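Rule-based calculations on the coordinates, nothing more; no lab input. Since this is a predicted model, take the numbers as computed values, not measurements. With ideal geometry, Cβ positions are generated from the backbone for all residues, glycine too; neighbour counts draw on all protein chains shown.
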Amino acid sequence: MAYYVTTPIYYVNAAPHLGHAYTTIAADVLARHMRQRGEEVFFLTGTDEHGEPVAQAADAEGVTPQELADRNAERFRALMPILNVSNDYFIRTSDPEHHARVQEILQRVYDAGYVYEGTYEGWYCPRCADFKGEAEMLPGHRCPIHEIELTREAQENWFFALSRFQEPLERLYAERPEWVLPRARANEARAFIASGLQDVSLTRPALRWGVTVPWDPEQVFYVWFDALLNYVTALGFAQPGSDLSETFWPASVQIIGKDILKFHTVYWPALLFAAGLEVPQRMFVHGFLLGGDGRKMSKSLGNVLDPFAVIDRYGTDALRFYLSREVTFGSDGPVSDETVDTRYHAELVNELGNLASRTLAMVDRYRAGRVPAAALDSALAEDLDPLAPRVCELLDGCELSIALDEIWQRVRRLNRYVEERAPWAQAKDPARAGELNTTLATLVEGLRIVAVVLHPYMPAATRSLLDALGERAPEDLALSAARCASSDGGGRLAERALAPLAQLFPRLR
């Protein structure tokens, strides 16, 4: 089965920030998880480089838009290995291959009769590159996202006949109630559609930085239509000499932030209908990360959590864990330096790190570093075996935070098991050698299963742990291996000699 996951492409008029890291890590968790399930995965991210904001930012710096795009696109590309992200391709909308495919698809929309010439006047946000309807504006004609005053603009250009897709979109939402998740975001999209769709600008006449309109070379395509099509165009040239569209389109899941909901849940499916293409299987809309003051993070407000500072102090895995754990994926929620530190020490150091260290230390101390070939504790096996199927079920619905909580419940259960069984007491009594063997074998098996299922969230730490357990082959990471191998003859690692394990998460205070 093919699985195609995308992030939004990130706008190059500013530097990468926490929001970009949040979305990209979420998509990476899904991509890594699906690879563990044996699926053929394609994971796309990249940069959105056209439009008025980029042109304006370039003018302010005295450089060309292409020079600004080249410089900032590389900053986003460099972010991927810093976050330990496993994307298969990084698209740039200034790629000539993307231009050609955008022109081909939108020519098809034009030829189908969904484009006409006209005049539009309305309230425009240059930072959103979007006209706002009366219901979308804050008092004083201000943008609800950027809180800046909108400008009144009139344009003579080509229009996309969005209004003709009122009924098809209503039918899409009625027939596929989980097409957009969470449901609250789907309700927002349905309300926008129910308010009555208006035709929207497809082109810009006074801008040179963009994809040229093939039937009117004096205009370029409105940046949003150019950008949205990247999800389709990339498949045509990401793998030289191959077109991956037949394998991977429609996308399995597209991850977006709620600030771009309208474009992805209304404009995007309408455009695909017009082009004769299938819509994605699912759109998942995540919320905002908020500062301690409860407002969306902003440098101007001084409430920003710097992802690079978190990585420098705690490591990449800690940032990935924190962003997946602290705020329920799909909701708004506050993040802060203080809660990063709390999560790191309470959960990564004291719970997972301590569990791994003392389990391997006890095997080394009591059984010379070799896992006993002993019957596993059946009660604990019954708790561990449903973990992988449950995580699969949750991640199919993009419930990243809830799935991580399921895993963490097992981490805590294994820690309680150590206290309940008191292997240090068992080790003092030769008559309890069988009990000790069961305790150690069960702990090692539980640690292995947790590491496999946790791998998409924290790939580096879990790789170190699995290496210490001797699980180094690619198939050892498969989710099919994340169950107790035997309840009577010992676990998968019976008789395995374990390697030393460095501290997974050093204590920093």
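Structure notes:
- Estimated distance in nm for a label pair at ARG183 and ALA112, the labels positioned 7 Å out from Cα along Cα-to-Cβ: 3.1
- Relative contact order computed over the chain (Cα-Cα under 8 Å; 6+ residues apart), in percent: 14
- Of all DSSP bridge pairs formed entirely within the range 2-286, close to 50 percent run antiparallel.
- Fewest-first ranking of ASP377, ASP337, ASP88, using other Cβ atoms within 10 Å as the exposure measure: ASP337, ASP88, ASP377
- Using distinct alpha-carbon pairs, which all enter the 1/r mean, Kirkwood radius of the range 336-481 in Å: 16.0
- Using R0 = 41 Å, the C-beta based FRET efficiency linking ARG432 and ARG313 works out to 0.40.
- Part-to-part distance (alpha-carbon centres) for the range 189-251 and the range 454-481, which is given in Å: 39
- Calculated on the alpha-carbon coordinates, the convex hull of the chain measures out at 154 cubic angstrom per residue.
- Its DSSP H runs of at least 4 residues, each contributing -39,500 (n - 2.57), put the calculated 222 nm mean residue ellipticity of the chain at -13500 deg cm²/dmol, to the nearest 500.
- Sorted fewest first by neighbouring Cβ atoms within 10 angstrom, TYR344, TYR124 come out as TYR124, TYR344.
- One equal scatterer on each Cα of the range 2-286, no solvent, Debye formula: the resulting log10 I(q)/I(0) at q = 0.12, 0.13 Å⁻¹ is -0.76, -0.91.
- Distances between every pair of Cα atoms in the range 191-298, grouped in 5 Å steps from 0 to the bin holding the largest one, split as 2, 10, 16, 18, 19, 16, 12, 5, 2, 1, 0 percent.
- The three principal axes of the C-alpha atoms in the range 1-113 carry coordinate ranges of 48, 41, 19 Å, sorted with the longest axis first.
- Ellipsoid fit via the Cα gyration tensor, the range 207-362: semi-axes of 40, 22, 15 Å, each the root of five times an eigenvalue, largest first.
- Per the Debye formula on identical point scatterers at the alpha carbon atoms of the range 1-51, with no solvent, log10 I(q)/I(0) at q = 0.23 Å⁻¹ is -0.82.
- Acute angle (nearest 10 degrees) that the helix 387-396 long axis makes with the longest principal axis of the chain, alpha-carbon atoms: 0
- Beta bridges per DSSP with both ends in the chain, % antiparallel, nearest 5: 50
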